[in-house]
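Reading through the structure tokens given below for one structure.
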Amino acid sequence: MQRKTIGVLVNNLRSAFIRRILNGITGEARKENVSTIIFEGGLLGSDFDFKYHKSTVYRMVHSQEVDALLIFSYLIFRNKNPEEITRFCKMFRPVPILNIGINLPEVPSIYINNKQGMSELLTHLYSFHKYKRIAIVRGPANALDAEERLIEYITFFQSRNLEINTDLIVNGDFNYDSGVKAVKILLDERKIPFDAIIASNDNCALGIIAELKKRSIKVPEDIAVAGFDDTLQASIIQPGLTTVYQPIHEFGMKAFHTLYDSMKSSQPITLQTELPSSIVIRESCGCIHGEQIPYKADLTHGLNKITEDYLVKAAVPATEETTRQINQVIGLLLKQKSVDEQILKSEWQSFVYALYSAGCEGEYILKLISIIQEYLSLVQKPGHHKLITERIAQINALTIDLVESFRLDSDNKRNEDWMTLRDLHQMLEEKTDIDVMASIIEQYLLKLGFNHFFIALYDNLFSTEKLRLVLACTNAKKLEMKQPLYGSSKLLPVADLLSGIGRYNLVVKALYYGPYNIGIVILNKETWGYDYLEELRRILSDCLFYTLRIRDIESLITHKEELVHEKTENLMTRNKELKGIIKKLQDSISLTDKSLSLKPDFRIQKVLNYIENNYNSPITLADAAREAFMGRTYFSTYFKEATGFRFSDYLAEFRARKAVQLLRNPYLKIQEIAFMVGYTDANYFSKVFKKHSGMTPQKYRDIKL
């Protein structure tokens, strides 16, 4: 069976929330030997504007490169309009798609039931703790999951025939600062008392707790606080945050299998897949520590599960090896007989190395030991206490030494990588040749550990229709190939460029500078963290932009020179023809007709002088005809035969040349320049200028200045 490739559309790889879902997706893809391509775009508006910045990558999804598509459409859109999101998803057909995060009736979707967890949380606060005045900080107004939570809050009190105090509902956002601001609004502006407060998410709840502590208000003694999401920080903060658990990692795993299993079976994708949310009780709501102990019946299973849950929140990818190591170290910790100290240390050290290699930070590894110790202190058998305490003390001391070693190694590696990026930036800044820059980029990307990478640039900075592949490297070897232009609806000009690199996990990022689209870079994700990828993107964009701008300006100058040369040759040919016409006219003019004794060139010259002196005022065909002592119709024909131009075209061309000189003055507005060359309507002036110069006055000014 040919290896399948699943594409993933996201808008922000630096989001911890998105990374946790992606870890679930890519972890299962690794197990099933499926390749993934992550398209990191930007936020979209209602017009699906793919032309600028990051969002150009969304239109590069092609059936030649992906077999199916997972779309984080709920997070991609500024305006969470289901109809617009549905229309966006349908654009990628016939590629099979699964929409993530929101229930769309017409599109296969996977989502989490927010109402269920919110209902459990409210029931716990109201019925168990007897809190009556419960405030809520709602999420963004256009966030459907936040609205679902607010609706459940309102429904909860309405179903009990309780009055809803709207002063207890505060507008907020999914960030720390909105939690701080909410406390200030409730206590300082509205001056309204409340027993408990529910935040739109855990991040917002952390802001609430910080502001309450700043005011010497105790949590939960004075005010109880609850969040939503059950992030890693919710379990680390003191007091521990009562929250609603969303199975985010499992969400990614389930999304992958919903799509992949459909592909394997050739069956339609399940239209709606719903995952539950549930309350996680800690101290911030007023519960006593240990009052709610999960997995109490089976100690070994409970400790394994506690550890696995924590690592999921720490965004550590779940693998068979990680699971085996968890079982091994937990088994040694709980063993009632004596355990060889060296074996315990060796197994724990291997486990810690695996966690660190998977991206788990040192402080989270130390916190894991604390969580294990707290759990065991609540549930272990009395006679077992001393033995386990000694073992935990051993691994704690070892972990402190390991984490310090990791920190030093990490700092050294981070400094080395940043120095390499700085050197790359400096090397590229000095170059203006694309081929030379591509060679430098190849050298430094290999040095940074990338094995597969591609860079393609747009044909010019003002169009995103065509791309040209300027660098291709697979398995750490540069591919020598021709560089034809290809349509930007595809990632690469040839689909089989990826066929020789085995299973891959690539990230596609747009290269852009301000409003200018530069191209795309494709990299193998496993090598670096997402922050490094973003910094690399910025360096490539900055340096390539200036080179491409010079290229476009030189191309424009060459094009204009060719036009000037072509017009000069046409004028010379026309001048030669005109001389022949004049000679024939002179031969046919009667010597006695004094009114026609003047040469035609004199009349034309008189009109040209008139234009030179009056171009900044309205000039009509009748005005010019009077200067030539002719009727309008005869003059129009006479002028075209004499000059090769219609009178109106010549006048417009003359005014455009004058405008070019004025555009070099940055202090003159376009409307002022239009008036100075004889136009009362700036828009009409722009159209005429573009017709005669190939670009608008503003674009011409931008390039020249």
Report task. Inspect the range 175-182 for any residue being at positive phi and in contact with a strand residue (DSSP E or B) (Cβ under 7 Å, 6 or more places away or on another chain) and give the result as yes or no. Result -> no
Flagged in the range 178-195 as surrounded by fewer than 13 Cβ atoms within 10 Å (Cβ to Cβ) and more than 18 Å from Val219 (Cα to Cα), in numbering order, are Asp188, Glu189, Lys191
Cβ pairs under 9 Å, 6+ apart or interchain, first in the range 423-449 and within 25 Å of Asp552 (Cβ to Cβ), second open to solvent by 90 Å² or more (accessible area, probe 1.4 Å) and part of a helix (DSSP H, G or I), ordered by first then second residue, are Leu424/Gln443; Leu424/Lys447; Met427/Gln443; Glu429/Tyr546; Thr432/Tyr546
Subset of the range 43-71, residues open to solvent by 10 Å² or more (accessible area, probe 1.4 Å) and modelled with pLDDT of 85 or more, comes to Arg59, Val61, Glu65, Asp67
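Each row is one residue, and each column tells you yes or no for (1) out of contact with any Ser or Thr (no Cβ under 7 Å at 6 or more places or on another chain); (2) of a type in the set (S, T, N, Q); (3) at pLDDT below 85; (4) farther than 30 Å from Asp552 by Cα.
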residue: Ala624; (1), (2), (3), (4): yes, no, no, yes
residue: Glu653; (1), (2), (3), (4): yes, no, no, no
residue: Val688; (1), (2), (3), (4): yes, no, no, no
residue: Arg701; (1), (2), (3), (4): yes, no, yes, no
Requested in this report: Scan the range 468-482 and give yes if some residue there is within 26 Å of the chain's Cα centre (by Cα), open to solvent by less than 70 Å² (accessible area, probe 1.4 Å) and either free of Cβ contacts under 8 Å to residues at least 24 places away in the same chain or more than 22 Å from Leu506 (Cα to Cα) (or both), otherwise no.
Outcome: no
In the range 218-271, anything of a type in the set (Val, Ile, Thr) and either part of a loop (DSSP other than H, G, I, E, B) or in contact with a helix residue (DSSP H, G or I) (Cβ under 8 Å, 6 or more places away or on another chain) (or both) is listed as Val219, Ile223, Val225, Thr231, Ile236, Ile237, Thr242, Thr243, Val244, Ile248, Ile269, Thr270
For this session: Go through the residues of the range 118-141 one by one and say whether even a single one is within 18 Å of Ser178 (Cβ to Cβ), open to solvent by 40 Å² or more (accessible area, probe 1.4 Å) and small (Gly, Ala, Ser).
Result: yes
Checklist entry - Is it the case that some residue within the range 494-516 is closer than 30 Å to Ala16 by Cβ, in contact (Cβ under 8 Å) with a residue 24 or more places away in the chain and part of a helix (DSSP H, G or I)? => result yes
task: State whether the residues of the range 532-550 include one that is open to solvent by less than 60 Å² (accessible area, probe 1.4 Å) and modelled with pLDDT under 75.
output: no
Reported set for the range 675-695 where residues are open to solvent by less than 50 Å² (accessible area, probe 1.4 Å), out of contact with any Asp or Glu (no Cβ under 7 Å at 6 or more places or on another chain) and not small (Gly, Ala, Ser) is Val677, Tyr679, Phe685, Val688, Phe689, Met695
The condition from (1) assigned to a helix (DSSP H, G or I); (2) under 30 Å from His249 (Cβ atoms); (3) out of contact with any Phe, Trp or Tyr (no Cβ under 7 Å at 6 or more places or on another chain); (4) open to solvent by less than 60 Å² (accessible area, probe 1.4 Å) that Val107 misses is numbered (1)
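Take the residues in the range 434-475 that are out of contact with any Ser or Thr (no Cβ under 7 Å at 6 or more places or on another chain), part of a strand (DSSP E or B) and of a type in the set (Ser, Thr, Tyr); name whichever of them is nearest to Leu492 (Cα to Cα).
Going through the qualifying residues, I end up with Thr474.
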Across the range 1-16, the tally of residues that are outside any loop (DSSP other than H, G, I, E, B) and either of a type in the set (Ser, Thr, Tyr) or open to solvent by 70 Å² or more (accessible area, probe 1.4 Å) (or both) stands at 1
With the first residue restricted to the range 668-692 and required to be under 20 Å from Asn613 (Cα atoms) and touching a residue at least 60 places away in the same chain (Cβ under 8 Å), and the second required to be part of a helix (DSSP H, G or I) and open to solvent by 30 Å² or more (accessible area, probe 1.4 Å), Cβ contacts under 7 Å at 6 or more apart or on different chains are Met676/Leu662; Val677/Lys658
Selection from the range 162-177 of residues modelled with pLDDT of 90 or more and either open to solvent by 70 Å² or more (accessible area, probe 1.4 Å) or not in a loop (DSSP other than H, G, I, E, B) (or both) yields Thr166, Asp167, Leu168, Ile169, Val170, Asn171, Tyr176, Asp177
For the range 125-150 the number of residues that are among the aromatic types (Phe, Trp, Tyr), free of Cβ contacts under 8 Å to residues at least 60 places away in the same chain and touching a strand residue (DSSP E or B) at 6+ places or on another chain (Cβ under 8 Å) is 1
Subset of the range 588-603, residues part of a helix (DSSP H, G or I) and either at pLDDT 85 or above or of a type in the set (Ser, Thr, Tyr) (or both), comes to Ser588, Ser595
Among (1) surrounded by 20 or more Cβ atoms within 10 Å (Cβ to Cβ); (2) in a helix (DSSP H, G or I); (3) touching a Phe, Trp or Tyr at 6+ places or on another chain (Cβ under 9 Å), Tyr153 falls short only on (3)
Taking the range 79-107 and the residues there that are farther than 26 Å from Pro276 by Cβ and among the aliphatic types (A, V, I, L, M), the one that is farthest from the chain's Cα centre (by Cα) would be Val95
Note to self: Please determine whether any residue of the range 272-287 is assigned to a helix (DSSP H, G or I) and at pLDDT below 70.
What the structure shows: no
Per the filter on the range 622-646, residues over 25 Å from Met572 (Cα atoms) and open to solvent by 50 Å² or more (accessible area, probe 1.4 Å) are Arg626, Glu627, Phe629, Arg632, Thr633
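The values are calculated or read from the model by the stated rules, or taken from the named source; none is laboratory data. None of the values given here were measured: they were computed from a predicted structure. Reconstructed Cβ throughout: ideal geometry from the backbone, glycine too, with neighbour counts over all protein chains shown. Ligands, DNA and RNA are excluded from the accessible area calculation, which covers all protein heavy atoms including side chains. Shrake-Rupley method; radii C 1.70, N 1.55, O 1.52, S 1.80 Å.
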